[in-house]
1. Report whether or not residue 158 is part of a strand (DSSP E or B) and closer than 18 Å to residue 231 by Cβ.
2. Spot the failing condition for residue 113; the list is (1) surrounded by 20 or more Cβ atoms within 10 Å (Cβ to Cβ); (2) over 21 Å from residue 34 (Cα atoms), and only one is missed.
3. With the checklist (1) within 18 Å of residue 152 (Cα to Cα); (2) within 16 Å of ligand 1 (Cβ to nearest atom); (3) surrounded by 19 or more Cβ atoms within 10 Å (Cβ to Cβ) in hand, flag the one item residue 71 doesn't pass.
4. Look through segment 207-240, keep the residues that are assigned to a strand (DSSP E or B) and within 16 Å of ligand 1 (Cβ to nearest atom), and return whichever of them is surrounded by the fewest Cβ atoms within 10 Å (Cβ to Cβ).
5. Name, by its number, the condition in (1) more than 16 Å from ligand 1 (Cβ to nearest atom); (2) part of a loop (DSSP other than H, G, I, E, B); (3) surrounded by fewer than 17 Cβ atoms within 10 Å (Cβ to Cβ) that does not hold for residue 12.
6. What pairs can you find where one residue is in segment 1-16 and under 21 Å from residue 52 (Cα atoms) and within 14 Å of ligand 2 (Cβ to nearest atom), the other is assigned to a strand (DSSP E or B) and at pLDDT 95 or above, and their Cβ atoms are less than 9 Å apart, with a gap of 6+ or different chains?
7. In segment 22-36, what count of residues is obtained for those that are crowded, with 20+ Cβ neighbours inside 10 Å and either within 16 Å of ligand 2 (Cβ to nearest atom) or over 17 Å from residue 76 (Cα atoms) (or both)?
8. Which one is farthest from residue 59 (Cα to Cα), of the residues in segment 78-102 that are in a helix (DSSP H, G or I), in contact with a strand residue (DSSP E or B) (Cβ under 8 Å, 6 or more places away or on another chain) and modelled with pLDDT of 95 or more?
Ligand SMILES: [Zn+2]
Ligand SMILES: [Zn+2]
């Protein structure tokens, strides 16, 4: 599976000189499977660059897994160029109840008060579906949805590619508030078990958490704790705080790495950076440079 980050920022887009390396666009990640549609995780503003990428002119089939309906995760959808091509098919998936609620969310943000083109006028075939109770087969992968600990309804996704198609496990878990020792800690640890790549919300520093309790986000250290306990191979720190500069993301990442080294773990930790693309078993690129 090839992973590409198109948007890694939480809450609101923050373009500018202090966010050039990790990027200012809100969540969007693509996952290229051995076969089947291109998986797209969330439709934050990063999805615009994905839709405009030269290689997308040959891509017709997309499975868009939406974590929830907060603006930073859906706002790019009306600007996703494949939506305006009649040869394209976009299957939108959420967890239980996702079929109706996601259609409503996307449709509402395209009402004429907010946007000139309504959802039903998109030329692409847009379908809505939900993943519940069990696994859903999408191309060469199977996908499981599970609830987030966030404000409102939302889902994380575990994606497993068939061994004969190259194998690999990715868990996408953003906008999720971890509390070590809480009853749901074990649930999330089990969901993330053995993942090759865990993409987890790491919006805050530990000392920022008390004032933000209940906001539905995690500290980098708690995301690291989870990845360590779950035996993940790699952790992508994700959903960067809009007020966090590139340099302060470097510091947050270094702090998480120091925490992992204390346990003698081989967990590889990096901060997800816009335009970063890699095979889950391959080397991780450094963020783009500003020079
Ligand atoms: Zn968010
Ligand atoms: Zn959210």
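1. Against the criterion (part of a strand (DSSP E or B) and closer than 18 Å to residue 231 by Cβ), residue 158 qualifies.
2. Tallying (1) surrounded by 20 or more Cβ atoms within 10 Å (Cβ to Cβ); (2) over 21 Å from residue 34 (Cα atoms), residue 113 fails exactly one: (1).
3. (3)
4. Narrowing segment 207-240 to residues assigned to a strand (DSSP E or B): 219, 234-238, 240.
Filter again for within 16 Å of ligand 1 (Cβ to nearest atom), leaving 219, 236-238, 240.
Details: 219: 23, 236: 27, 237: 26, 238: 26, 240: 28.
Here the answer is 219.
5. The single condition residue 12 does not satisfy is (1).
6. Correct list of pairs: 7/28; 7/29; 9/240.
7. Taking segment 22-36 first, the residues crowded, with 20+ Cβ neighbours inside 10 Å are 22-31, 33.
Imposing the further condition that a residue be either within 16 Å of ligand 2 (Cβ to nearest atom) or over 17 Å from residue 76 (Cα atoms) (or both) reduces the set to 22, 25-29, 31, 33.
Result for segment 22-36: 8.
8. Residues of segment 78-102 in a helix (DSSP H, G or I): 78-79, 81-84, 98-102.
If we keep only those that are in contact with a strand residue (DSSP E or B) (Cβ under 8 Å, 6 or more places away or on another chain) as well, we get 82-83, 98-102.
Okay, now just the ones that are also modelled with pLDDT of 95 or more, so 82-83.
On the way: 82: 8, 83: 12 Å.
The extreme case among them is 83.
The values are calculated or read from the model by the stated rules, or taken from the named source; none is laboratory data. From a predicted model like this one, the values you see are computed outputs, not experimental measurements. Backbone-built Cβ (ideal geometry, glycine too); neighbour counts: all protein chains shown.
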